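Everything below concerns the one structure shown next.
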Amino acid sequence: MNRLTVNVLNVAMAAVLATGVSACNRNADAGVSNGSADASAGADAGAKYAKVVSVDPVRSTVNNPREVCHDETVSRTAPPKDQHRIAGTAIGAVAGGLLGHMVGGGKGNTLATVAGAVGGGYAGNRIEASRQHAQVTTSVERKCDTVNDASSKIVGYDVRYVYNGVTRTVRMDHDPGDRVQVQEGVTAVSDAR
């Protein structure tokens, strides 16, 4: 064989080998790719979970106003009927004036009458003050007050979780535990204790 034929054969053989190796590589890549696709399809078909970082209960406070009543004894002091003690002062002044009028004569008599009236009025006022007692009345009254009974209840849970290195928060109606199931788009859907 001549040299040209050998070179053509070598080139042809190299091309056949290269095509065969390339086809094998493509088939191997396709097999790995198909196997990989099958494996990821199986993983997609299975549940995906994210790690829970923290769970914070969300509380709601409700005020329940109610009326509380009780009986209370109340004492009231009524002022005396004659709180200025006019009657005692008047009676004392008349009595003192009469007594003073009996003493002396002339201008001395007039001064004694006036002095007796002033002294008697003062004495009558003091006597009436000592005899007057404040009138105290006692009654039972119903007193009512409004009291707020506040109650707190858990209405949800703010759950922080990490999925594929991203931290997110979702509000759930229950405590999910250590991990949460997620859907595509990284949305927590349920608990997985």
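For region 94-137, divide the Cα radius of gyration by the Kirkwood radius and give the resulting Rg/Rh value with two decimals. Display every interim value, and only then the final one.
Details: Rg = 14.6 Å, Rh = 11.3 Å.
Ratio value, two decimals: 1.29.
So for region 63-176, what percent of the C-alpha to C-alpha distances run longer than 16 Å?
When all Cα pairs of region 63-176 are counted, 78 percent exceed 16 Å.
May I ask you to list the residues of region 136-157 whose amide nitrogen lies under 15 Å from a point 7 Å from Cα along the Cα→beta-carbon direction of residue 69?
Answer for this model: 140-147.
Rule-based calculations on the coordinates, nothing more; no lab input. None of these values were measured; they are calculated from a predicted model. Because the Cβ atoms are built from the backbone with ideal geometry, glycine has one as well, and the counts that use them run over all protein chains shown.
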